[in-house]
Amino acid sequence: MERARRIVLGLGSNLGDRAATLRAAIAALRADPDLHLLAEAARYETPPAGGPPQPRYLNTALLLTTALSPPEILARTLAIEHAHGRVRPDPIRWGPRTLDIDLLWIEGETHDTPSLTVPHPRLRERPFALRPLLDVAPDARDPHTGAPYADLPAARAAIERVP
């Protein structure tokens, strides 16, 4: 097991009862004894990023601490997605989904394998991922450059915050 450090998971849903799905996924993550929830971001409703026509997404992010390795985190998040009806591999690239959980960021670390890239490869340009990340980790920095994520244009993009 690795040393404990901060991570941010991004969660999104655009099928079914999106809010209930996010609540259930967060409850499952809270129940994991190896993940310790520190903060939960606001909810944002956003259009899909690419793919076919589909419903809008409800997105949020969680700040956690864990000593799990990135592959172990991935395995646990994939199991939660599966429990909520997510089919992988996705039948349609960037298609609609009941639940999407992405490991967006690990403080001061990178990870690059065929199955997982951290930070998330499109984090820097996706407001629906970056804004919730900054809600819970406003001091987050790109581990490749050391630059604050808060300085990126996507961090200032207008997206719809929902109650």
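Summary table
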read-out	value
Inter-label distance for Ala27 and Glu160, nm, one decimal - labels placed 7 Å from Cα along Cα-to-Cβ	2.7
Histogram of C-alpha separations across the range 22-66, 10 Å bin width, %	24, 41, 26, 9
Average silhouette area of the range 5-162, convex hull of alpha-carbon atoms, in square nanometres	8.5
Karplus-derived HN-Hα couplings along the range 20-35 (A = 6.51, B = -1.76, C = 1.60, θ = phi - 60°), whole Hz, x at Gly and Pro	5, 5, 5, 4, 5, 5, 5, 4, 5, 5, 4, 6, 6, x, 9, 10
Equivalent ellipsoid semi-axes - Cα gyration tensor, the range 1-89, angstrom	24, 14, 12
Contact order normalised by residue count of the chain, Cα under 8 Å, 6+ apart, percent	30
Dmax and Rg, reported as Rg then Dmax, of the range 54-126 (C-alpha, Å)	12.8, 37
Taking His36, His144 and counting other C-beta atoms within 10 Å, the order from fewest to most	His144, His36
Value of D in µm² per second that Stokes-Einstein yields for the range 1-40, Kirkwood Rh from Cα pairs, at 10 °C (1.306 mPa s)	136
Label-to-label distance, nm, for residues given as Asp151 and Glu125 (7 Å Cα→Cβ offset)	2.0
For the chain, the longest site-free run once GluC sites (Glu not before Pro) in DSSP loop states with at most 15 other Cβ atoms within 10 Å are removed	3-106
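Where a number appears in this text, it was derived from the coordinates with a stated rule and is not lab data. It should be emphasised that the depicted structure is a prediction, and the values quoted were computed from it without experimental measurement. Ideal geometry is used to build each Cβ from the backbone, glycine not excepted, and the neighbour counts take in all protein chains shown.
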